[in-house]
Amino acid sequence: MASLKIEDLFVNYGHVQALKGVSMTAEHGAITAVLGANGSGKSTLLSAVMGVARPRRGRVLLDDRDITRLSPTATARSGIGLVPEGRALFPSLSVNEHFLLGARKDLAGGTESDQLAYLYDLFPALRGREDTRAVMLSGGEQQMVAIGRALISGPKVLMLDEPSLGLAPKLIDQVLMLVERLRNEGTTIVLIEQNARAALEIADHAYVLHAGTVQVSGEAAALTQEDAVERAYLGG
Ligand code: ATP
């Protein structure tokens, strides 16, 4: 069982208050969407969880363990996987090389070849393309590689930063179906998206950030029914 709790988080960049007391819970085996317009604080929240941005106040708890002050490397080791915005791939490295970058030998989850077999089962489109360089892949395939690199270490919580960005609608659907499958297999998911409609279709819970605070939160299905999300985006 893995859950991620964020308690009353404050983050500043100099005089800019990017997060002003954000609290949220990503429950075990659920998809928690973090929505919000440009500049609302989504990336800052993710940076604070990963140990990159240093919170001025507040805590981040993974299964009740306080991970607030851990380095980014220690945060990743504690069980948080990140699929960064824009994928952050190395153009000249192959699909397999990306996966092996994320692989670690000290985690349960079988041998390296078991882990690779699992990934190629998850991403049939990448089968037979193990040695293809990332630069030769489509946007959707690159997103699969970025997700696979984060999954291979067997994270308890997987955070995805705008996975739909720059993808054609059909590919967005594929990526979101994959995220649903990972949730169904027991991974706790935090899905950061500007594309609220797409994210709410698969999310269990959602939080909408506006100007560094949680403006609206609740069951995703309920948020789809009302216009609260749109109002939050518009700052109403
Ligand atoms: P986007 O979708 O554009 O990435 P976001 O919701 O992720 O937006 P953040 O990037 O977290 O929002 O930004 C939150 C606030 O902090 C904004 O006002 C932004 O201008 C400010 N900010 C972000 N990074 C920095 C930085 N390095 N220095 C100063 N201010 C920053």
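The values are calculated or read from the model by the stated rules, or taken from the named source; none is laboratory data. This one's a predicted model, so the numbers in the text were calculated from it and none came from an experiment. Note: ideal-geometry Cβ built from the backbone for every residue, glycine included; neighbour counts use all protein chains shown. Surface accessibility is based on the protein's heavy atoms, side chains included, excluding ligands, DNA and RNA. Shrake-Rupley method; radii C 1.70, N 1.55, O 1.52, S 1.80 Å.
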Rounded to the nearest 5, what is the percent of antiparallel bridges among the DSSP beta bridges in the chain? 55
In what sequence, highest mean first, do 212-219, 75-82, 186-193 appear when ranked by Cβ atoms within 10 angstrom? 186-193, 75-82, 212-219
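How large is the dipole of the chain about the Cα centre if only Lys and Arg carry +1 and Asp and Glu carry -1, each at its Cβ, rounded to the nearest 20 debye?
With only Lys, Arg, Asp and Glu charged at Cβ, the dipole is about 740 debye.
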Can you list residues whose amide H is under 5 Å from G21's amide H, if they're 5+ apart or on another chain and H is modeled 1.01 Å from N? L9, F10, V11
Tell me the per residue accessible area of the range 43-144 using a 1.4 Å probe; a whole number in Å² is fine. 50
With the crude spin-label approximation of a point 7 Å out along Cα→Cβ, what separation in nm comes out for A117 versus A88? 3.1
Only Lys, Arg (+1) and Asp, Glu (-1) charged, at Cβ; the range 163-236 dipole about Cα centre in debye: 180
Let me know the shape class of the chain, please: from the alpha-carbon gyration tensor, a ≥ b ≥ c as square roots of the eigenvalues, rounded when a/c is under 1.5, otherwise prolate if a/b is greater than b/c, or oblate. prolate
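Could you work out Rg/(2.2 N^0.38 Å) for the range 143-215, with Rg from alpha carbons only?
This ratio for the range 143-215 stands at 1.10.
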Provide the net charge surrounding V208, with neighbours chosen by a C-beta distance below 11 Å and charges set as Lys +1, Arg +1, Asp -1, Glu -1. 0
Specify the residue with the greatest mean-square fluctuation among H98, H210, H15, computed from a Gaussian network of the chain linking alpha-carbon atoms under 10 Å apart. H15
How much of the accessible area of the chain, in percent, comes from carbon and sulfur atoms when a 1.4 Å probe is used? 52
Cut-off under 5 Å, modelled amide H: who pairs with V216 long-range: V208
